[in-house]
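So the structure is just underneath, and the comments pick up after that.
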Amino acid sequence: MKRSEINTILRSAIQFIHDQHFALPPFAYWTPEAWGIKGDEVREIVDRKLGWDITDFGSGDFERIGLFLFTLRNGRPENLKTLQGKLYAEKLLIIQVGQVTPTHYHASKMEDIINRSGGRLGIELYESLPDGGLDLAAEVSVSLDGVQHRLPAGSQVFLTPGESITLTRGLYHRFWAEDAPVLAGEVSSVNDDDADNYFYDAPGRFPAIEEDEPPLYLLCNDYPRYYHLVKQV
Ligand SMILES: [Fe+2]
């Protein structure tokens, strides 16, 4: 993705989040220059990859295959073994009409996807097979706001604002906005985007970035370049 495209997406996402009456924490609006003088006190933001996260999943076509995310909080993967520190994570997502997040599952993370406001959120579900394939036969068992459902493989569920779904480990999911952009929440166990996304048909989780203009705000994967570089000077 070009940095100019990312900056444009950021500007419209900030407006949408404001229009939906959601507020982000202060670090959302730290400039690249402000990042340059941060010290160890912001280690949690850097290490846990909090903040802006915009991806086309390597598709080169964000409007069709892409997702906007902001990670509000997260723990370390090792916390799940030690039961120390944060064991949970929270993200904000914006899903555009006709924009798909490709089919994937998580081996470790269990997540609730919540439609906070906007349009209808469509989600397609399959169980995964041990070899990573889609289980075209097995029924899917999901909880929708505390109500258990058993659905045929490949079923689509639609969440209106206020509704949520619990995605258990190993459950393949793909989602998109049906009729209007959706502001969604994700509440989960610890999130590890480097190791815990198993895509069925997407090249990868993070895009390569072509730097055709300066970043408006840093994405979570930009921190090492700006934060450590300036600290070493
Ligand atoms: Fe997911």
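Readers should treat all values here as calculations from the given coordinates under stated rules, not as data from a laboratory. Source: prediction; values computed, not measured. Cβ coordinates were reconstructed from backbone atoms using ideal geometry, including for glycine residues, and neighbour counts include every protein chain displayed.
Take the Cα of ALA195, step 7 Å toward its Cβ, do the same at ARG11, and the gap between the two points is 3.9 nm. Based on Cα contacts under 8 Å between residues 6+ apart, the chain shows a relative contact order of 31 percent. Charge dipole (Cα centre; +1 on Lys/Arg Cβ, -1 on Asp/Glu Cβ; no other charges) of segment 42-190 amounts to roughly 560 debye. For the pair segment 1-54 and segment 156-233, the centres of their Cα atoms are 13 angstrom apart.
A convex hull fitted to the Cα coordinates of segment 1-63 yields 112 cubic angstrom per residue.
Using mean Cβ contacts within 10 Å as the protection proxy, how do 51-58, 95-102, 25-32 order, highest first? Intermediate results must be reported in sequence, preceding the final value.
Details: 51-58: 22.1, 95-102: 19.2, 25-32: 13.6.
Per-residue Cβ counts within 10 Å, averaged per peptide and sorted highest first, yield 51-58, 95-102, 25-32.
In degrees, nearest 10, range 0 to 90: what is the angle between the Cα axis of helix 3-19 and the longest Cα principal axis of the chain? Value to nearest ten degrees: 70.
Using a Cα distance threshold of under 17 Å, what count of lysine pairs results for the chain when pairs must be 8 or more residues apart or interchain? Qualifying lysine pairs in the chain: 8. Taking Cβ atoms as reference points and 9 Å as the exclusive limit, the residues near GLU213 contribute a net charge of 0, counting Lys and Arg as +1 and Asp and Glu as -1.
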